[in-house]
Amino acid sequence: MPKTMPKTVIIAAVASNMAIGHNGKIPWHVPDELKLFQSRTIGKPIVMGRKTFDSIGSPLKGRTNIVVTRNRDFFHPDVLIARSPSEGLQSGQNIATVSGVDEVMIIGGGELYAWAMPFADRLEISELCLEIEGDVFFPAISSDCWVESSRVHHDGLGAGPGFSFVIYERCPA
């Protein structure tokens, strides 16, 4: 029986105005959302742009980190480098297949999210209960393409703002 292709999943935290970044950084710290992100991505290949990698500062442990960059001089010994988004996604799918993992996680930033939207099978969005100044935004989630399948609210309880973890599935063709 042939193996199925690993699903492509976009995971993001977004402010209420869809901002995801400002001045090269994630403009919030929400510990409960970070724990959720870790639990959803651990053990899976993650694909990110170089600016996202720079904002994180180091490879994320317990995951194969794939960094997409056009910069031929970029090097980091603990990440795989892809020269295009399609190469990054293909690497992630190959690694997931060999590892027996059923998902490749696209973790940002804005350009990579916009590129991946037509290919994604699912969106996992943490909608933060805050609005911030931003210069990078998550692409619009069209109801023509996506249907909300799950929503779980998490109260902030003093450790940052509350958020809703929302899963969107691609609409049937």
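In region 100-120, what residues are assigned to a helix (DSSP H, G or I) and out of contact with any Gly (no Cβ under 8 Å at 6 or more places or on another chain)? Listed by number, the residues that qualify are TYR113, ALA114, TRP115, ALA116.
Give the residues of region 31-48 that are under 13 Å from the mean Cα position of the chain (by Cα) and closer than 18 Å to ILE95 by Cα, sorted by residue number. Within region 31-48, ARG40, THR41, ILE42, LYS44, PRO45, ILE46, VAL47, MET48 qualify.
For region 25-50, how many residues meet the condition of being in contact (Cβ under 8 Å) with a residue 60 or more places away in the chain, in a helix (DSSP H, G or I) and not acidic (Asp, Glu)? The qualifying residues number 5. Scanning region 121-130 for residues that are in a loop (DSSP other than H, G, I, E, B) and touching a strand residue (DSSP E or B) at 6+ places or on another chain (Cβ under 8 Å), we see that the one that is surrounded by the fewest Cβ atoms within 10 Å (Cβ to Cβ) is ASP121. Give me the residue from region 98-111 that is among the hydrophobic types (A, V, I, L, M, F, W, C) and surrounded by fewer than 22 Cβ atoms within 10 Å (Cβ to Cβ) and, out of that set, farthest from PRO45 (Cα to Cα). My answer is VAL98.
Looking at this structure, is ASN17 outside any helix (DSSP H, G or I), more than 13 Å from the chain's Cα centre (by Cα) and under 20 Å from LEU89 (Cα atoms)? So ASN17 fails the test.
The residues of region 1-25 that are of a type in the set (Val, Ile, Thr) and surrounded by fewer than 19 Cβ atoms within 10 Å (Cβ to Cβ) amount to a single one, THR4.
Here LYS35 meets the list (1) touching a strand residue (DSSP E or B) at 6+ places or on another chain (Cβ under 9 Å); (2) surrounded by fewer than 21 Cβ atoms within 10 Å (Cβ to Cβ) almost entirely, failing just condition (1).
Of the set (1) over 19 Å from PRO139 (Cβ atoms); (2) touching a Leu at 6+ places or on another chain (Cβ under 6 Å), all apply to GLY43 but (2). The set of residues in region 131-166 being crowded, with 18+ Cβ neighbours inside 10 Å, out of contact with any Leu (no Cβ under 7 Å at 6 or more places or on another chain) and of a type in the set (A, V, I, L, M, F, W, C) consists of VAL136, PHE138, VAL166. Got a number for residues in region 149-173 being in a strand (DSSP E or B) and touching an Asp or Glu at 6+ places or on another chain (Cβ under 8 Å)? Summing the residues that are in a strand (DSSP E or B) and touching an Asp or Glu at 6+ places or on another chain (Cβ under 8 Å) in region 149-173 gives 10. The set of residues from region 55-86 being assigned to a helix (DSSP H, G or I) and either under 19 Å from ASP102 (Cβ atoms) or modelled with pLDDT of 95 or more (or both) comprises PRO85, SER86.
The values are calculated or read from the model by the stated rules, or taken from the named source; none is laboratory data. As the structure is a computational prediction, the values presented were derived from the model and not from experiment. Ideal geometry is used to build each Cβ from the backbone, glycine not excepted, and the neighbour counts take in all protein chains shown.
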